[in-house]
C-alpha cells in the first residue's frame, strides 16, 4: 500500500503536516503549484510562510475535507472578532487560491450582511390621531371637516 507523501508547511514557526491528497484538495492551488511544480519546495517538501498560524489551522481542516464554516468560537483567534476572523480567513483562502473556501466565505459574509440589513429594517407600528380644534373666534377657518386616524404597520407607509 502506497502512502501519501508528507509536506511540511511552516507558518510563522508553527509546523503543519499535509499529505498529497490534502494539498490537492480544492486544487489547483498555491500548494499544488509549490509542491508539485518546478519550485525548490517540490524537492524539499517544505514551505515557509508568514501568514497567521491560527487561521492556517482552519485551512488545514478544510484541506482534510471538513466543514469549517460557520467558524466555531474555539477556532477564532482571540485577537479577532468573528467577523474579522471570517474576513481574514477569506483573505488567506484567496492567498492559497482555495476557490471553494473563498466561495463559502463569500456566501457566509453575504448572508451576515443581509441579516444585519434585515434586522435594521425591523417592522414597526405607528398609531396616531389627527384633529384640528376650531373655537370659532378665528377669522380663518382652519378646521378640518373630519378627523382621520393614521396607521403605519410593519414598515408600510402611513395613509391618511
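Values in this text are rule-based calculations from the coordinates and carry no lab data. What you are looking at is a predicted structure, and each value in this text was computed from that prediction instead of being measured. Backbone-built Cβ (ideal geometry, glycine too); neighbour counts: all protein chains shown.
When 9, 68 are ordered from fewest to most other Cβ atoms inside 10 Å of their Cβ, what list results?
Ordered from fewest to most neighbouring Cβ atoms within 10 Å, 9, 68 come out as 68, 9.
Would you mind pulling out the separation of the Cα centroids of segment 67-106 and segment 21-62, in Å?
Result: 17 Å between the Cα centres.
For the modelled label position 7 Å from the Cα of residue 32 along Cα-to-Cβ, which residues of segment 88-102 have backbone nitrogen atoms closer than 18 Å?
Those under the cut-off are 93-102.
Listing 44, 50 from the residue with the fewest other Cβ atoms within 10 Å to the one with the most, what is the order? Before the final figure, lay out the partial values.
Working: 44 12, 50 8.
Exposure proxy ranking, most exposed first: 50, 44.
I need the P(r) histogram for segment 6-120: all alpha carbon pairs, bin width 5 Å from 0 out to the longest distance, whole percents.
All Cα pairs, binned at 5 Å, distribute as 2, 11, 21, 24, 18, 10, 7, 3, 2, 1, 0 percent.
What's the extension gain from residue 115 to residue 57 if we count 0.36 nm per residue and subtract their Cα-Cα distance? Display every interim value, and only then the final one.
Details: separation 58, 0.36 × 58 = 20.88 nm, distance 2.78 nm.
Gain on stretching residue 115 to residue 57: 18.1 nm.
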